[in-house]
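The values are calculated or read from the model by the stated rules, or taken from the named source; none is laboratory data. Because the structure is predicted, anything quoted here is derived from the model rather than measured. Cβ placement follows ideal geometry from the backbone for every residue including glycine, while neighbour counts extend to all protein chains displayed.
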Amino acid sequence: MNFSDFRKSIESPEPAYLLVTDQDYLKRKVYEYCQNQVEEEVRVFNWTVLDLEKDSAAELINVAKTLPWMGPLRWIYVRNADSAKDQLGEYLSNPSPSTVLILELKRRPPKWSKLPTIELSSRTDPVRWLMSKAKKEGFQMDRPAAETLVELVGENYQQFEAELEKQFLWNWETRQISVDSVLRMTLHVREHDVFNLINAIARRDAANALRVLQRLLTSGMTVPQIGSMLYWSFRRVLVASEMLDQGRSFQSVLSELKLWSYKGKEKEIRECPYEVLVQILNRLRETDRLAKTTGAEAGDYLVRVVVDTCSLKSI
């Protein structure tokens, strides 16, 4: 079901929903909508937020089985539910009818296929979504402007909302959003794309990483600039791996090193061989050396580094 279907179902809610998405935009909309189902004065009793990377499944089940107080339903929003799929199976086979559980997941387990699932449809056209969103706010956004914003930002609906807010303020009098205004107001595209590149590599998404890399190069960012950002990121991954080996918690490592691109990637970091990380860093240093001696060759070499890093290919 999409978000609209979910809102309709809340008239007579199911005891459990799966929220399967990597879009922070959809997570935030579902979170806020669920929170608003509980009167503010009784939220301390009937609204609970848990993160199963920090909290235990036993605690979640205990709260879910507790009767609501001064209200008809208890609502529980659960982040990183993937971490406790096995422990939650028994509860979900016979959930409490007085609790509504929202389980935020990266992917839906096959054994939970019958549970209602909230998703941002893969068929959603981001260009049409932007144009429709602008129209609802009383603005006219032409297709080239929407296509330009998608090209600059990527398919990130939370970022779309932030960029549209800028456009609404900038074009308040004309109510027209053009390609020119999109280019004028999207001031931090390069910085955002550097983060997108690092995030794509963290997900080992070579196709998207190469698209972002090409966009950065086309925008005028140099190979040494991109290489230095990647070097900085993977140097921290190497340090994170060493800290995890020393027994540090994953959350404390993320917080100390500010490795937010790798949130939820503890397994990947632990499984990434030390020698491969060292090799990635060495190849990025070689990219920098080549850039100072052979411009075109350095760009081609950086492409190979990105592809090999996404596949953790050792050469």
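Elements of the type helices (runs of 4 or more DSSP H) sitting completely within the range 199-289 and holding at least 1 residues that are within 17 Å of Asp300 (Cβ to Cβ) and assigned by TED's automatic domain parsing to the domain that holds Gly299: these cover 206-218, 223-245. Checking Val276, Val237 one by one, the residue that is touching a helix residue (DSSP H, G or I) at 6+ places or on another chain (Cβ under 7 Å) and among the β-branched types (Val, Ile, Thr) is Val237 and no other. The residue pairs whose first member lies in the range 20-39 and is assigned by TED's automatic domain parsing to the domain that holds Glu161, whose second member is of a type in the set (Phe, Trp, Tyr) and not in a loop (DSSP other than H, G, I, E, B), and whose beta carbons are closer than 9 Å, counting only pairs six or more residues apart or on different chains, do not exist in this structure. Comparison of Met243, Met229 shows that the only residue that is farther than 21 Å from Ala146 by Cα and at pLDDT 85 or above is Met243.
From Arg79, Arg128, Arg143, which residue is of a type outside the set (Phe, Trp, Tyr), without any contact (Cβ under 8 Å) to a residue 60 or more places away in the chain and surrounded by 20 or more Cβ atoms within 10 Å (Cβ to Cβ)?
That would be Arg79, the only listed residue that is of a type outside the set (Phe, Trp, Tyr), without any contact (Cβ under 8 Å) to a residue 60 or more places away in the chain and surrounded by 20 or more Cβ atoms within 10 Å (Cβ to Cβ).
Selection over the range 263-301 of residues that are in contact with a Gly (Cβ under 8 Å, 6 or more places away or on another chain) and under 30 Å from Lys106 (Cβ atoms) gives a count of 1.
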